[in-house]
Amino acid sequence: MRPAAFHGVFTQQEPIDEAAIAAAVAVLRSGRLHRYNVLPGEVSEAASLERDFAAWQGSRYCLACASGGQAMQLALRAYGLVAGAPVLTNAFTLAPVPGAIVAAGGRPVYVESTADLVIDLDDLARKAAESGARLLLLSHMRGHLVDMDALDKVLERCGLTLIEDCAHTMGALWNGRKSGSFGLAACFSAQTYKHINAGEGGLLVSDDAGLMARAIVSSGSYMLYDRHGAAPDMAAFGAARMESPNLSARMDNLRAAILRPQLATLDGNIERWNARYAAVATELERMPAIRIPARPASERFVGSSIQFLIPGITPTAARRFLAANAELGVELKWFGDPEPRGYTSSHLSWRFVDPQVLPATDRILAGLFDMRIPLTFSIGDCTQIGRIIAHCANELEAVPMAR
Ligand SMILES: *Cc1c(COP(=O)(O)O)cnc(C)c1O
């Protein structure tokens with residue numbers, strides 16, 4: 001039986017709550033929107049956000065900046081990336097990740113993905129040896145955490161430094177430890193479709209004083225780096241203050257004001273996302289054709305989106321599956337599409353990077369579907385969506401598929 005169509009909007013986030021609106025209005029009334037525009041003794045909203053986020057994340061230092069992509073660029077430059085140096089990263093990620101590597105002067109070296117959508121650690125070791133790379137920019141793409149203990153061993157064995165891209169893992173844990181606390185630095189996004197929403201925004205965290213001093217100056221602090229909320233001692237800025245290029249990637253007080261109250265509701269929202277994820281997943285799990293990536297017990301993930309595989313699906317069947325879902329109001333993305341659409345693209349269309357051969361990742365992407373789970377959807381909505389997807393997958397059974 002054909003299920004009733006769903007009428008929700010997949011791009012509709014919840015409104016900004018009243019506390020954040022009040023804080024934003026106060027900044028607007030003050031006229032002091034630039035983060036260094038403070039009265040004597042005043043601590044700016046941007047500096048306060050840095051202090052609050054560092055405390056929330058459990059990191060020593062934090063820099064608020066313009067976007068998650070800028071946080072990655074700042075981290076790569078502050079690490080001291082040399083022009084042309086290879087940087088390992090997941091082949092399955094979002095375009096701003098290789099984009100940040102290229103912008104910082106590096107050369108992305110893609111690592112294969114497993115069917116559980118995490119970096120393939122054997123391929124990581126292989127590519128590290130082949131390329132001579134010293135740095136891994138690890139994207140916890142769509143919130144899937146690789147076995148961080150096993151990763152640690154590979155990093156050590158291969159002499160790799162880790163920078164984490166936590167755009168989808170703000171609030172996620174591995175064995176109780178926060179994602180973003182495993183490497184030299186970690187980058188978060190406050191873009192509308194991530195876990196806190198200021199429209200745009202980024203947060204860089206690290207416990208390394210030298211790296212953070214260089215990142216702060218590079219973010220465009222001029223000589224005002226003492227007006228930061230979670231910065232290293234002024235002594236750490238000795239060389240950085242004149243040697244770090246100014247990239248003008250600051251966050252402003254308006255965005256910071258909108259973000260600060262959201263930290264208080266983040267943990268509650270993670271529970272709400274995960275309840276919605278579970279409602280969709282429960283329906284999909286009934287379908288033998290559908291495979292949901294395993295979520296290990298050590299991982300506390302944030303179900304702000306869901307991914308599933310239909311292994312062996314042909315491009316024709318995938319297009320029909322997408323269309324059938326769309327007809328019933330369910331907006332899916334397909335990573336196997338040779339044509340990039342909207343936010344969804346694959347390494348095959350990132351022509352600013354040297355082309356690389358990734359058969360395992362390509363095989364996975366060919367059958368990989370993705371869906372946002374906005375908090376404006378109820379649990380009932382998510383059950384309905386799951387049933388629609390299951391129904392459309394069931395219709396596919398009639399299509400010959402090489403499983
Ligand atoms: C969104 C995203 C980014 C970049 O964040 P912006 O704030 O949009 O620059 C980086 N990595 C991943 C995996 C993302 O999803």
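The values are calculated or read from the model by the stated rules, or taken from the named source; none is laboratory data. Just so we're clear, the structure is a prediction, and the values are computed from it rather than from any experiment. Reconstructed Cβ throughout: ideal geometry from the backbone, glycine too, with neighbour counts over all protein chains shown. Remember, those area values only see protein heavy atoms, side chains included, never the ligands or the DNA or RNA. Shrake-Rupley method; radii C 1.70, N 1.55, O 1.52, S 1.80 Å.
Applying the selection to region 156-204, what residues are of a type in the set (A, V, I, L, M) and out of contact with any strand residue (DSSP E or B) (no Cβ under 8 Å at 6 or more places or on another chain)?
Residues of region 156-204 of a type in the set (A, V, I, L, M): 160, 162-163, 167, 170, 172-173, 184-186, 190, 196, 198, 203-204.
Answer for region 156-204, where residues must be of a type in the set (A, V, I, L, M) and out of contact with any strand residue (DSSP E or B) (no Cβ under 8 Å at 6 or more places or on another chain): Ile196, Ala198.
Hey, among Ala167, Ala186, which residue is touching a residue at least 60 places away in the same chain (Cβ under 8 Å), in a loop (DSSP other than H, G, I, E, B) and closer than 22 Å to Gln262 by Cα? Spell out the reasoning first.
Details: Ala186 fails: in a loop (DSSP other than H, G, I, E, B).
Result of the check over Ala167, Ala186: Ala167.
When the residues of region 74-92 are narrowed to those that are surrounded by fewer than 21 Cβ atoms within 10 Å (Cβ to Cβ) and not hydrophobic (A, V, I, L, M, F, W, C), which ends up farthest from Val353 (Cα to Cα)?
Gly80
When you check Gln57 against the structure, is it away from the ligand (no atom under 16 Å from the Cβ), within 26 Å of the chain's Cα centre (by Cα) and either polar (S, T, N, Q) or not assigned by TED's automatic domain parsing to the domain that holds Tyr222 (or both), yes or no? Give the steps one after another, and end with the answer.
Numbers: away from the ligand (no atom under 16 Å from the Cβ): yes; within 26 Å of the chain's Cα centre (by Cα): yes; either polar (S, T, N, Q) or not assigned by TED's automatic domain parsing to the domain that holds Tyr222 (or both): yes.
So Gln57 fits the description; yes.
Go through region 196-219 and count every residue that is open to solvent by 10 Å² or more (accessible area, probe 1.4 Å) and within 15 Å of the ligand (Cβ to nearest atom). Before you say what the answer is, go through the steps one by one.
As a first pass, look at region 196-219 and keep what is open to solvent by 10 Å² or more (accessible area, probe 1.4 Å): 197-200, 207-210, 214.
In the following step, the residues that additionally are within 15 Å of the ligand (Cβ to nearest atom) were identified as 197-200.
Total satisfying the criteria: 4.
Starting from residues that are in a helix (DSSP H, G or I) and either touching a residue at least 60 places away in the same chain (Cβ under 8 Å) or among the aromatic types (Phe, Trp, Tyr) (or both), keep the ones in region 128-147 and report whichever is least open to solvent (accessible area, probe 1.4 Å). Full working, then the answer.
Taking region 128-147 first, the residues in a helix (DSSP H, G or I) are 128-131, 141-143.
Then drop every residue that is not either touching a residue at least 60 places away in the same chain (Cβ under 8 Å) or among the aromatic types (Phe, Trp, Tyr) (or both), which leaves 142-143.
Values: Arg142: 34, Gly143: 2 Å².
Only one residue fits best here, namely Gly143.
Pick out the one residue from Ala230, Ala190, Ala239 that is away from the ligand (no atom under 16 Å from the Cβ) and buried (at least 22 other Cβ atoms within 10 Å of the Cβ).
From the options Ala230, Ala190, Ala239, the qualifying one is Ala230.
Restricting attention to region 328-379, which residues are of a type in the set (Asp, Glu), closer than 22 Å to Ala393 by Cβ and open to solvent by 40 Å² or more (accessible area, probe 1.4 Å)?
First, the residues of region 328-379 that are of a type in the set (Asp, Glu): 331, 337, 339, 354, 362, 370.
Cutting the leftovers down to closer than 22 Å to Ala393 by Cβ gives us 331, 337, 362, 370.
Result: Glu331, Asp362.
Any residue at all in region 243-253 that is closer than 30 Å to Gly31 by Cα, touching a Cys at 6+ places or on another chain (Cβ under 8 Å) and open to solvent by 30 Å² or more (accessible area, probe 1.4 Å)? Give the steps one after another, and end with the answer.
Taking region 243-253 and keeping what is closer than 30 Å to Gly31 by Cα, we get 244-253.
Subset that is touching a Cys at 6+ places or on another chain (Cβ under 8 Å): 249-251.
After this cut, where a residue has to be open to solvent by 30 Å² or more (accessible area, probe 1.4 Å) as well, the list is 250.
Scanning region 243-253, I find at least one residue that is closer than 30 Å to Gly31 by Cα, touching a Cys at 6+ places or on another chain (Cβ under 8 Å) and open to solvent by 30 Å² or more (accessible area, probe 1.4 Å), so the answer is yes.
Quick check on region 213-233. Is at least one of its residues touching a Pro at 6+ places or on another chain (Cβ under 8 Å) and more than 16 Å from Leu259 (Cα to Cα)? Spell out the reasoning first.
First pass over region 213-233, keeping only residues touching a Pro at 6+ places or on another chain (Cβ under 8 Å): 213, 218.
Of the ones still in play, those that are also more than 16 Å from Leu259 (Cα to Cα) are 213, 218.
Yes, that holds for at least one residue.
Look through Ala125, Ala103, Ala95 and report the one residue that is surrounded by fewer than 19 Cβ atoms within 10 Å (Cβ to Cβ) and over 20 Å from Ala75 (Cα atoms). It would help to see each step written out before you state the result.
Details: Ala103 fails: over 20 Å from Ala75 (Cα atoms); Ala95 fails: over 20 Å from Ala75 (Cα atoms).
Just a single option satisfies the conditions, and that option is Ala125.
Quick test of your reading of the structure: Pro288 fulfils all but one of (1) free of Cβ contacts under 8 Å to residues at least 40 places away in the same chain; (2) open to solvent by less than 50 Å² (accessible area, probe 1.4 Å). Name the failing condition by number.
Unmet condition: (2).
Taking region 106-122 as the region of interest, how many residues are within 24 Å of Ala83 (Cα to Cα) and open to solvent by 30 Å² or more (accessible area, probe 1.4 Å)?
Within region 106-122, residues that are within 24 Å of Ala83 (Cα to Cα) and open to solvent by 30 Å² or more (accessible area, probe 1.4 Å) number 1.
In region 72-110, which residues are in a loop (DSSP other than H, G, I, E, B) and more than 11 Å from the ligand (Cβ to nearest atom)? So that I can check it myself, show each step before the final result.
At the first step, the residues of region 72-110 found to be in a loop (DSSP other than H, G, I, E, B) are 80-85, 91-95, 104-106.
Gly80, Leu81, Val82, Ala83, Gly84, Ala85, Ala91, Ala104, Gly105, Gly106, listed by residue number.
Is there a residue being closer than 23 Å to Gly303 by Cα and touching a residue at least 24 places away in the same chain (Cβ under 8 Å) anywhere in region 350-360? Don't jump to the end; show me each part of the working.
Applying the first criterion (closer than 23 Å to Gly303 by Cα) to region 350-360 yields none.
For region 350-360, residues closer than 23 Å to Gly303 by Cα and touching a residue at least 24 places away in the same chain (Cβ under 8 Å): absent.
Can you find a residue that is hydrophobic (A, V, I, L, M, F, W, C) and farther than 22 Å from Ala240 by Cβ anywhere in region 49-63? I'd like the intermediate steps shown before the answer.
Quick first cut of region 49-63, residues hydrophobic (A, V, I, L, M, F, W, C) only: 49, 53-56, 62-63.
Still in the running and farther than 22 Å from Ala240 by Cβ: 55-56.
Looking for residues that are hydrophobic (A, V, I, L, M, F, W, C) and farther than 22 Å from Ala240 by Cβ, one finds at least one in region 49-63, hence yes.
Take the conditions under 17 Å from the mean Cα position of the chain (by Cα), open to solvent by 10 Å² or more (accessible area, probe 1.4 Å) and under 20 Å from Asn274 (Cα atoms) and apply them to Ser305. Does it pass?
On the way: under 17 Å from the mean Cα position of the chain (by Cα): yes; open to solvent by 10 Å² or more (accessible area, probe 1.4 Å): yes; under 20 Å from Asn274 (Cα atoms): yes.
Spelling it out, Ser305 is indeed under 17 Å from the mean Cα position of the chain (by Cα), open to solvent by 10 Å² or more (accessible area, probe 1.4 Å) and under 20 Å from Asn274 (Cα atoms).
Return the residues of region 53-71 that are touching a Gly at 6+ places or on another chain (Cβ under 8 Å) and either part of a helix (DSSP H, G or I) or surrounded by fewer than 19 Cβ atoms within 10 Å (Cβ to Cβ) (or both); say none if nothing qualifies.
Going residue by residue through region 53-71, those that are touching a Gly at 6+ places or on another chain (Cβ under 8 Å) are 54, 57, 59, 62, 64-71.
Once the filter is applied, which keeps residues that are touching a Gly at 6+ places or on another chain (Cβ under 8 Å) and either part of a helix (DSSP H, G or I) or surrounded by fewer than 19 Cβ atoms within 10 Å (Cβ to Cβ) (or both), region 53-71 yields Ala54, Gln57, Gly68, Gly69, Gln70, Ala71.
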